[in-house]
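The values are calculated or read from the model by the stated rules, or taken from the named source; none is laboratory data. Not measured: the values here are computed from a predicted model. All Cβ positions, glycine included, derive from the backbone under ideal geometry; neighbour counts span all protein chains shown.
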Amino acid sequence: MLYIIDTSAILSGKINITSDNYIFPDSVISEIRKGNLKTIIDSVDSIRIEMPENEYIEKVVTFAKKTGDYYVLSRTDIDVIALALQLNATIITDDYAIQNVAKLMGLEYSGAGIDAIKKEIKWKYRCTGCHKIYRDYIEICPICGHKTKRYIKK
Ligand SMILES: [Zn+2]
């Protein structure tokens, strides 16, 4: 699985930019180099940077003009979507405009919290007697005296 990383995803600080299956559009890296995170990018020499081909940029532009999203997308946003289309990759972005166009084009996308969501499982505890729910682990329900069972909070 390949992922295209946009500027908002890098700025979120939630992704590990050295991950092997992450690809960075050339224009995203240019944006980052202008900002405060310049040193983070410069300290890493193994990230994969690519430019989308014109053919795919034109496909995205044509599509976004039809849906009306073209006017809210930056040139960098278009590169992100075009590269995802070209490489059949999943976009990692917190940018709503990119997510919207990706959805309409049938592309996979995810918020930058993807890594955090995978790792963090939140358990809750439900009483088997009165069904009261406890956020923290408790073996015996103090209300009715039955045991609790844990389940994953959705
Ligand atoms: Zn109970």
task: From (1) buried (at least 19 other Cβ atoms within 10 Å of the Cβ); (2) under 19 Å from G111 (Cα atoms), pick out the condition that doesn't hold for V72.
output: (1)
Qualifying residue in region 29-46 (condition: outside any loop (DSSP other than H, G, I, E, B) and touching an Asp or Glu at 6+ places or on another chain (Cβ under 7 Å)): no
task: Within region 31-54, count every residue that is within 21 Å of L83 (Cα to Cα) and either small (G, A, S) or in contact with a helix residue (DSSP H, G or I) (Cβ under 8 Å, 6 or more places away or on another chain) (or both).
output: 11
task: Could you please tell me which pairs satisfy a Cβ distance under 8 Å, a separation of 6+ or placement on different chains, a first residue in region 111-133 that is over 30 Å from D6 (Cα atoms) and at pLDDT 90 or above, and a second residue that is of a type in the set (F, W, Y) and within 16 Å of the ligand (Cβ to nearest atom)?
output: R126/Y134; R126/Y151; C127/Y134; I133/Y125
- prompt: Within region 66-84, how many residues turn out to be among the basic types (K, R) and modelled with pLDDT under 90?
  reply: 1
message: Among the residues that make up region 51-65, is at least one of them surrounded by 18 or more Cβ atoms within 10 Å (Cβ to Cβ), modelled with pLDDT of 90 or more, assigned to a loop (DSSP other than H, G, I, E, B) and not polar (S, T, N, Q)?
response: yes
- request: Could you identify the single residue in I78, I40, I91 that is in the same structural domain as L11 (by TED's automatic domain parsing), touching a residue at least 40 places away in the same chain (Cβ under 8 Å) and more than 16 Å from the ligand (Cβ to nearest atom)?
  value: I91
query: Quick one: which of T67, T7 is of a type in the set (V, I, T), under 15 Å from T90 (Cα atoms) and touching a residue at least 24 places away in the same chain (Cβ under 8 Å)?
result: T7
